[in-house]
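Asks: Questions regarding the structure given below will be posed in turn.
The values are calculated or read from the model by the stated rules, or taken from the named source; none is laboratory data. All figures in this text were calculated on a predicted structure; none of them were measured in a lab. Methodologically, a virtual Cβ is constructed for each residue, glycine included, from the backbone with ideal geometry; neighbour enumeration extends over all protein chains shown. Only protein heavy atoms, including side chains, enter the accessible area calculation; ligands, DNA and RNA are left aside. Shrake-Rupley method; radii C 1.70, N 1.55, O 1.52, S 1.80 Å.
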Amino acid sequence: MSGRFIPYGRQYLDEADIQAVTQVLRGDWLTQGPSVGWFEKSFAAHVGARHGVACANGTAALHLALLALGIGPGDAVIVPSITFLATANVVRHVGADVVFADVDPHTGLMRRQDAEAALKRAATRGWRVRAIMPVHLAGQPADMAGLADLAAAKGLVLVEDACHAAGTQLAGADGSTLMAVGACDRSAMACFSFHPVKTMATGEGGMVTTNDDELAAALRRHVSHGMSRDEADFTRTDAAYGADGKPNPWYYEMASPGFNYRLTDIQAALGLSQLAKLDRFVAARRTLVETYDRAFAPLAPWLRPAARVADAAPGWHLYPVLVDYAALGLDRSAFMGLLRQQGIGTQVHYIPVHSQPYYQQLYGPLDLPGAESWYRHCLSLPLFAGMAMTDLERVVAAVTDVVTSRVPASR
Ligand SMILES: *Cc1c(COP(=O)(O)O)cnc(C)c1O
């Protein structure tokens, strides 16, 4: 192994991040102090949404979105099978059913036709579909125009799993300009994760953005036990008000039980400091992706980058390539092992969620050929904001070496 290990992803922290956190530690608040509100406002402003509700992690963000919509037992939600487990699991956490959708085998993204097929399948089961949760895999946006059109026709809500897509831009509903994912131009809510492998990090952390005042209020209730101190929510007028007719200072009410999904001020301070660098992170990732693309062009058709969607400027979270392991006579585990020997980390995003034992037992077998094909070929190569060009060159050299050493001599 030559040089230090290059992981498939990692956080980028600088002195400003460390100072932002230590400043909170020297102050008065650890959990919900002023930094949480600043982070929410700053993040919402950055993506162009009315509201941002910070929470404990991306999974909590997705769970909160479904809770705010009142989705529960008897309902169903369409989720692409190529995603992290959490996208599907939160549907089960609210007691609803998951309708797994197929994906484009070249991008890993759910298409309109995949959501339509999922709707038909749900109908044969007698399920009442309420929402579609597109995933912007690797930072490339799903077909929001097509999915929004379908959602409008069928009376469904769109909730974006934007955990990969901080910094991604796509053509807005007016078709003219690029808008940030999170602006909720065509969706009810967008959910972000600030896990260290994602584009910006708070340790654990998440955010839901929305333009809907009522959804924002519901998200805020559910993030903290279902408690409300807002007079507009008070129903027990006898208990809520004192003799002077003013709300009692200690008073709160709960209409339904929520969770403790709060973000801390420590994490929010780190989030603010990272947000200030988000545009730079995204620019660095785009440069790395363009350099990879050029370097790997000669390796087609044995290895090619995931196909690119039109009308978008991705905030790349991952760099997935599709490898024809069969043609190379090398299985993926051996391929990953050869790269690991060169100090290069890779990962598979993702094992189709519908094939997990829990979902197999719950729903029986399901044939999603696009998802299976993506899974069979995909491999995520190292990509992170602090990745040096010399690191990238090491990855390119090692990958090129593994592929060309296997390519039939007739080439
Ligand atoms: C990371 C991720 C999540 C969950 O986010 P956490 O912050 O780890 O809870 C959900 N969906 C996708 C697609 C993710 O990549």
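Asks: Pop a pseudo-label 7 angstrom from the Cα along the beta-carbon direction at both ALA239 and TYR358 and give the gap in nm to one decimal.
Replies: Modelled inter-label distance: 3.5 nm.
Asks: Right, next: Return one number: the angle in degrees, 0 to 90 and rounded to the nearest 10, between the long axis of the Cα atoms of helix 213-223 and the longest principal axis of the Cα atoms of the chain.
Replies: So the helix axis and the longest Cα principal axis differ by about 80 degrees.
Asks: Give me the count of lysine pairs in the chain whose alpha carbons sit under 23 angstrom apart, restricted to pairs 8 or more positions apart or on different chains.
Replies: So the count of such lysine pairs works out to 4.
Asks: Taking the dipole about the Cα centre of the chain, with the C-beta of Lys and Arg at +1 and of Asp and Glu at -1, give me whichever of ALA86, LEU330, PHE296 is farthest to the positive side.
Replies: Result: LEU330.
Asks: Using the Cβ atoms and a cut-off under 10 Å, what net charge is assigned to the surroundings of GLY370, where Lys and Arg are +1 and Asp and Glu are -1?
Replies: -3
Asks: Roll a 1.4 Å probe over the protein chains and send me the accessible area per residue for the stretch 278-410 in Å².
Replies: Value returned for the stretch 278-410: 43 Å² of accessible area per residue.
Asks: Of the DSSP beta bridges with both residues in the chain, give the percent that are antiparallel, rounding to the nearest 5.
Replies: 65 percent
Asks: If contacts are Cα pairs under 8 angstrom and at least 6 residues apart, what is the relative contact order of the stretch 243-354 in percent?
Replies: Worked out over the stretch 243-354, it gives 17 percent.
Asks: Which value, in Å² rounded to 10, gives the accessible area of ILE351 with a 1.4 Å probe and all protein chains present?
Replies: About 80 Å², ignoring ligands and nucleic acids.
Asks: Sum up the charges of everything whose Cβ sits under 12 Å from the Cβ of ALA171, counting Lys and Arg as +1 and Asp and Glu as -1, but leave ALA171 out.
Replies: Summing Lys and Arg as +1 and Asp and Glu as -1 gives -3.
Asks: Using +1 at the Cβ of each Lys and Arg and -1 at the Cβ of each Asp and Glu in the chain, identify which of PHE234, GLY386, MET200 lies farthest towards the dipole's positive end.
Replies: It is GLY386.
Asks: Here's another thing I want to ask about it. With a sphere of radius 10 Å drawn around the Cβ of ASP104, what net charge do the other residues whose Cβ falls strictly inside it have (Lys, Arg +1; Asp, Glu -1)?
Replies: Values: positive: ARG111; negative: ASP102, ASP114, ASP143.
Summing Lys/Arg as +1 and Asp/Glu as -1 gives -2.
Asks: Distance in nm between label sites at GLN19 and THR177, each 7 Å beyond Cα in the beta-carbon direction?
Replies: It works out to 3.3 nm between the two label points.
Asks: At ARG332 and ASN260, where each label point lies 7 Å from the Cα along Cα→Cβ, what is the point-to-point distance in nanometres?
Replies: Using points 7 Å along Cα→Cβ, the separation is 3.9 nm.
Asks: Using a probe radius of 1.4 Å on heavy atoms only, what accessible surface per residue do you get for the stretch 81-175? Whole Å² is fine.
Replies: Details: 3150 Å² over 95 residues.
Result: 33 Å² per residue.
Asks: Which residue, ALA153, ALA68, ALA49, has the most motion in a Gaussian network model of the chain that connects Cα atoms within less than 10 Å?
Replies: Result: ALA153 has the largest fluctuation of those listed.
Asks: In whole Hz, with x marking every Gly and Pro, tabulate ³J(HN,Hα) for the stretch 342-356 from phi via Karplus 6.51 cos²θ - 1.76 cosθ + 1.60, θ = phi - 60°.
Replies: With the stated coefficients, the stretch 342-356 comes to 8, x, 10, x, 9, 8, 10, 10, 9, 5, x, 5, 5, 8, 5 Hz.
Asks: Report, to the nearest 10°, how far helix 389-404 tilts away from the longest principal axis of the Cα atoms in the chain, using its own Cα long axis and a range of 0 to 90°.
Replies: Between the helix axis and the principal axis of the chain, the angle is about 50 degrees.
Asks: On a 0 to 90 degree scale, rounded to 10, what angle separates helix 144-154 from the longest Cα axis of the chain?
Replies: Once rounded, one gets 50 degrees.
Asks: At 1.4 Å probe size, with the rest of the protein present, what percent of the exposed accessible area of the chain is carbon and sulfur atoms?
Replies: Percent of accessible area from carbon and sulfur atoms in the chain: 53.
Asks: Averaging over every viewing direction, what projected area does the convex hull of the Cα atoms of the stretch 15-275 cover, in nm²? Don't skip to the answer; put the middle values down first.
Replies: Numbers: hull surface 63.1 nm².
Mean projected area of the Cα convex hull: 15.8 nm².
Asks: Right, next: Compute, for the stretch 278-410, the length of the dipole vector about the Cα centre, with Cβ point charges of +1 (Lys, Arg) and -1 (Asp, Glu) only. Units Debye, rounded to 20.
Replies: Computed charge dipole of the stretch 278-410: roughly 160 debye.
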